[in-house]
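> Got a structure here, written out as structure tokens. Questions coming.
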Amino acid sequence: MHKHKYYAAGLMLLIGMATALGSLEYGMGTLARMGPGYFPLLLGILLVFISILIAVTPDSPDEIRADAEREPFRAIARRRLRPWTATVGGVIAFIVIGKYGGLVPATFVLIFMSALGDPKNSVKASFWLAIGVVAFAIAAFHYGLQLQFPLFSWG
Amino acid sequence: MIDNLILGFQTAFSLHNLMYAFVGVVLGNLIGVLPGIGALAAISMLLPITYGLDPTGALLMLAGLYYGTSFGGATTSILLNLPGTASHAVVCVDGNPLARQGRGGQAIFMAMFASFLGVCVGIVLMMFFSPMLVDVAFLFGPTEYFALMLMGLLAASTLTSGSPLKGIASVVVGLIFGVVGTDVNSGVARFDFGIPELQDGIALVALAMGLFGITDVLANAANLGEGTLLTKGIGGQSVRPGKGEIRKAMPSIARGSVIGSALGILPGAGGTMASFMSYATEKKASRTPELFGRGAMEGVSGPESANSSAAITAFIPTLTLGIPGDAVMALMLGALMIHNITPGPQLMVEYPAMFWGLLVSFWLGNLMLMVLNIPLIGMWVKLLSVPYRLIYPTVLFLIAIGVYSTNNNVFDVGVVLFVGVFGYLSASLGFQPAPLLMGFILGPMMEENFRRALLLSRGDAFIFFERPLSGSFMAITILMLTTVAYKRLRNRPKPIAVQEDPASV
């Protein structure tokens, strides 16, 4: 049962169902005078239909390949946990710090944190890379392009 | 018509205008290589500078900015897989694999060359057909638009290197993403989850950068720590394509230019649709379709020429009908109105010097760009010899700041992250990002035309088949669908050899 195409179909089924159900909240209208819910409902139903097609039709070559190359989820997670945490976490940090602290700290944390996702990047290298990018950001974006993003802000 | 062209050359080559165009090109080029800052951001930032110029000079400078950024966007798409604009998403599909094979310089050169030729073809076609093209644009009602978009979307779904059925699914997901935001007809905010920022819909830049940039970083993160370089074999990084390659690319450039010129006149998604259609055409026409998505030069040259020739003919609806093709054209229109020039069918007659000067300056600007950039390509490509462990944090920053700059809001950075994670998840399940993006772009226009067409026909759905032009689009659509269904259902007993796939996301 653990086949690639079932996961793929499942994801589409989920999106399709959610769209169709969500669109019921909005007015349907008639075919001649469609309400806001008509088009998304059509799309949702279409996607559910496609997801069923994906599940019941024979595997396509890329699905056969994907099934052949499967590795257990735990193995993937162990290997990729660090880079993923660092990159996703770095961007989240940029959002939060950007909102409350300004461009300089946000950029620094984003670069420093995401660079540490690669075990080959030493703390020192990440630090200097972050300093370099911050300098570039100030010069190019703050002064060069006059981007509306305060360098520092408090709270 | 030759008179017009000569007048255009005279206008564009006057010292003043030459200078404005040059300034525009250089600035555009510099700004364009910053990912995420596309023509739209660059033009809106620099629009105030042009207030003091005469209208022709202002327009020439804006046009310079336009293709300067557009070319810069192609560079980052190829080297870093970061499309700044929708029309460059297609260039990513094959340009980036080429860069990974150490042929980035050649791919950039080809993109530039194809774009230049596309402009040439666009101008020639404009010269002979511009009055006719205006009439063709009038033939398109909502019914025709809907049918054409349906056909375009189905063509886009063949962009995937994998299963076409999944390509169609990606398109539908893109259409669903496009529904988010305020419904134009009723004013109801749909799928906004109570977040005010989502009432304007998902920002296009956030979606494009998330689907390509973030997804790419997450996919490459799997190999972190193994000391990978983006390119294999830094040695043979020549800029000039191989001898036969330009000749081999010629048919694709020719087809791309014609597709681009034809679709460019349609207000809306002309350029984007043209580049996607051209890609699909090249894949169909190629003797080695399996190479597409893994680094086919035709996958760069065709769409790039289509994109640029569409940019030329897109001036027809903008300047003569007053309907801007996209946000960039709308800004140009705004710039014209500031100078008291009202677009309309009379514009070509009243201001011939400006109209044709603008066209020639497109040609000239592309030429300048080629001359300027041939020495620079080597430098851009060298960037890739920097170890990836230093590149990806910088890429993340450029994505974040580029997306921030569209609305000056960190909310969009959150959107880019969400889209990126979703894109990674769905790409690992075989749903490719390019068709999704296409669906997203065309979605809102498609819905509007769908509703309008059925309103006009009083709810008669057969209208799409009854009108000749839309009927033929629908026939092609159905034909394509049948092919997909047939291929999926046909039993394939032979086992597929597992190939090494450098482009696997």
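> If you scan region A:94-106, which residues turn out to be buried (at least 19 other Cβ atoms within 10 Å of the Cβ) and without any contact (Cβ under 8 Å) to a residue 24 or more places away in the chain?
A:F94, A:I95, A:I97, A:A106
> Pairs only if they're at least six apart or on different chains, beta carbon under 8 angstrom, first in region B:166-177 and within 9 Å of B:L153 (Cβ to Cβ) and within 7 Å of chain A (Cβ to nearest Cβ), second in a helix (DSSP H, G or I) and among the aromatic types (F, W, Y); list them, first residue then second.
Short answer, once both residue conditions are applied: B:L175/B:F440.
> For the subset of region A:89-138 comprising residues that are part of a loop (DSSP other than H, G, I, E, B) and over 15 Å from B:Y404 (Cβ atoms), which member is farthest from the chain's Cα centre (by Cα)?
The residue in question is A:S122.
> Out of A:V134, A:V123, which single residue is over 16 Å from B:G414 (Cα atoms) and either facing chain B (nearest Cβ under 10 Å) or buried (at least 19 other Cβ atoms within 10 Å of the Cβ) (or both)?
Checking each option against the conditions leaves just A:V134.
> Looking at (1) buried (at least 19 other Cβ atoms within 10 Å of the Cβ); (2) in contact (Cβ under 8 Å) with a residue 60 or more places away in the chain, which is the one condition that is false for B:G414?
If we test B:G414 against (1) buried (at least 19 other Cβ atoms within 10 Å of the Cβ); (2) in contact (Cβ under 8 Å) with a residue 60 or more places away in the chain, just (2) comes out false.
> Continuing with this model, one more query. Is it the case that A:L116 is closer than 30 Å to A:R78 by Cβ and more than 7 Å from chain B (Cβ to nearest Cβ)?
yes
> A follow-up question, please. When you scan region B:161-179, do you find a residue that is buried (at least 18 other Cβ atoms within 10 Å of the Cβ) and charged (D, E, K, R), even just one?
yes
> Turning to a different aspect of this structure: Just to confirm my filter: which helices (runs of 4 or more DSSP H) fall fully inside region B:396-470 and include at least 2 residues that are β-branched (V, I, T) and either more than 7 Å from every other protein chain (Cβ to nearest Cβ) or over 22 Å from B:E144 (Cβ atoms) (or both)?
B:411-428
> Identify the residue in region B:379-411 that is farther than 30 Å from A:A66 by Cβ and among the β-branched types (V, I, T) and, among all such residues, is surrounded by the fewest Cβ atoms within 10 Å (Cβ to Cβ).
The qualifying residue surrounded by the fewest Cβ atoms within 10 Å (Cβ to Cβ) is B:V386.
> Looking only at region B:182-205, how many residues end up being among the polar types (S, T, N, Q) and over 27 Å from the mean Cα position of the chain (by Cα)?
Of the residues in region B:182-205, 2 are among the polar types (S, T, N, Q) and over 27 Å from the mean Cα position of the chain (by Cα).
> Counting just the residues of region B:417-433 that are crowded, with 24+ Cβ neighbours inside 10 Å and farther than 20 Å from A:S51 by Cβ, which one comes out farthest from the chain's Cα centre (by Cα)?
Once the filter is applied, the top-ranked residue is B:L417.
> Being surrounded by 19 or more Cβ atoms within 10 Å (Cβ to Cβ) and more than 9 Å from chain B (Cβ to nearest Cβ) is the requirement here; does A:V109 meet it?
Answer is yes for this residue.
> Here are some residues: B:L53, B:L65. Which one is surrounded by 18 or more Cβ atoms within 10 Å (Cβ to Cβ), without any contact (Cβ under 8 Å) to a residue 60 or more places away in the chain and under 17 Å from the mean Cα position of the chain (by Cα)?
B:L65
Read-outs throughout are calculated quantities, based only on the coordinates presented, and are distinct from any laboratory measurement. This structure is a prediction, so every number in the text was calculated from the model and none was measured. Virtual Cβ from ideal backbone geometry, glycine too; neighbours counted across all protein chains shown.
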